[in-house]
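Reading through the structure tokens given below for one structure.
The values are calculated or read from the model by the stated rules, or taken from the named source; none is laboratory data. If you're wondering where the values come from, they're calculated on a predicted model, not measured in any experiment. Counting neighbours? That spans all protein chains shown, and the Cβs are built from the backbone with ideal geometry, glycine included. Side chains are part of the model used for accessible areas, which takes the heavy atoms of the whole protein and leaves out ligands, DNA and RNA. Shrake-Rupley method; radii C 1.70, N 1.55, O 1.52, S 1.80 Å.
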Amino acid sequence: VPANIAEAWKERSYPKMFVSKIIDAAGEAGETEVWLDIATDTAYMSIEKYQELWDGYDEVNRMLYGMVEKPEKFCPKSIKDK
């Protein structure tokens, strides 16, 4: 997720590219959900730890989709207005 966000930041001069990379980051975050489920289903981690990590995942996901919904908050004005 952080690597995709870094790529998005480098592409912020191009809002569509920025959004695409943020969506990639959200996809990676979705993979995290699967790994959390597997770790819990196999008793590798406790339900308490699962919930703690899930809450963090949920917060990250909300932030990512907020960036997708309002890329203008993150993209330079001089470029996006072209």
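Label point of residue 6 set 7 angstrom out along Cα-Cβ; within region 14-38, no amide nitrogen lies under 13 Å from it.
With each run of n ≥ 4 DSSP H residues scored as -39500 (n - 2.57), what mean residue ellipticity at 222 nm is computed for the chain after dividing by its residue count and rounding to the nearest 500 deg cm²/dmol? Rounded to the nearest 500, it is -25500 deg cm²/dmol. Each peptide among 60-68, 16-24 gets the average number of other Cβ atoms lying within 10 Å of its residues, and from highest to lowest they stand as 16-24, 60-68.
Carbon-plus-sulfur accessible fraction, the chain (probe radius 1.4 Å, protein heavy atoms only): 57%.
Give me the one-decimal Kirkwood hydrodynamic radius in Å for the chain, with the sum taken over alpha-carbon pairs. Computed over the chain, the radius equals 13.7 Å. Note that the chain presents 71 Å² accessible area per residue, ligands and nucleic acids not counted, probe 1.4 Å.
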